[in-house]
Ligand SMILES: [Ca+2]
């Protein structure tokens, strides 16, 4: 019986080599994760900018912003979680 190489979860056909197609799967997966993080960051930036503009134009009062406190906290928390998960995953994948 021959010694086999340690299994790698990216080696989909388990031939011991990560070929071009298997590398493309990894690349697409990581690109999608990066896209999620960029969209989450853009949503935070856009939402904050719009709120600041609306308050500075007098369309919304600070009291109206206060009444949106809980939904805004959830929004920022969830979007920050998406970004934090991506960054943590990148650090974990690229660990030495
Ligand atoms: Ca393979």
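Rounded to the nearest 10 degrees, what's the angle between the helix 20-57 long axis and the longest principal axis of the chain, both from Cα atoms, 0 to 90?
The helix 20-57 is inclined about 10 degrees to the chain.
Give, in nm to one decimal, the length gained when the segment between residue 38 and residue 70 is fully stretched (0.36 nm per residue of separation minus the Cα-Cα distance).
Fully extending the segment from residue 38 to residue 70 adds 9.2 nm.
Name the most mobile residue of 85, 32, 61, meaning the one with the largest mean-square fluctuation, in a Gaussian network model of the chain with Cα contacts below 10 Å.
Evaluated over the chain, the most mobile residue of the options is 61.
For residue 21 and residue 48, what is the calculated FRET efficiency with R₀ set at 35 Å and r taken between the beta-carbons, to the nearest 0.05?
So the FRET efficiency works out to roughly 0.25.
Taking the Cβ of each residue in 95, 28, 34 as the centre, tally the other Cβ atoms inside 10 Å and list the residues starting with the fewest.
Working: 95 6, 28 10, 34 13.
Ranked by crowding around the Cβ, least crowded first: 95, 28, 34.
Using Cα atoms only, what is the angle between the long axis of helix 69-93 and the major principal axis of the chain, expressed in degrees (0 to 90) to the nearest 10?
That works out to roughly 20 degrees.
Can you sort 64, 79 so the residue with the fewest Cβ neighbours within 10 Å comes first?
Going from least to most buried by this count: 64, 79.
For the chain, max minus min Cα coordinate along each principal axis, in Å, sorted largest first?
Principal-axis extents of the Cα atoms in the chain, largest first: 76, 21, 21 Å.
Values quoted throughout were computed directly from the atomic coordinates according to the rules given, and no laboratory measurement underlies them. On a predicted model such as this, the values are computed, not experimentally measured, just so you know. Positions of Cβ are generated from backbone atoms using ideal geometry, with glycine treated the same way; all protein chains shown enter the neighbour counts.
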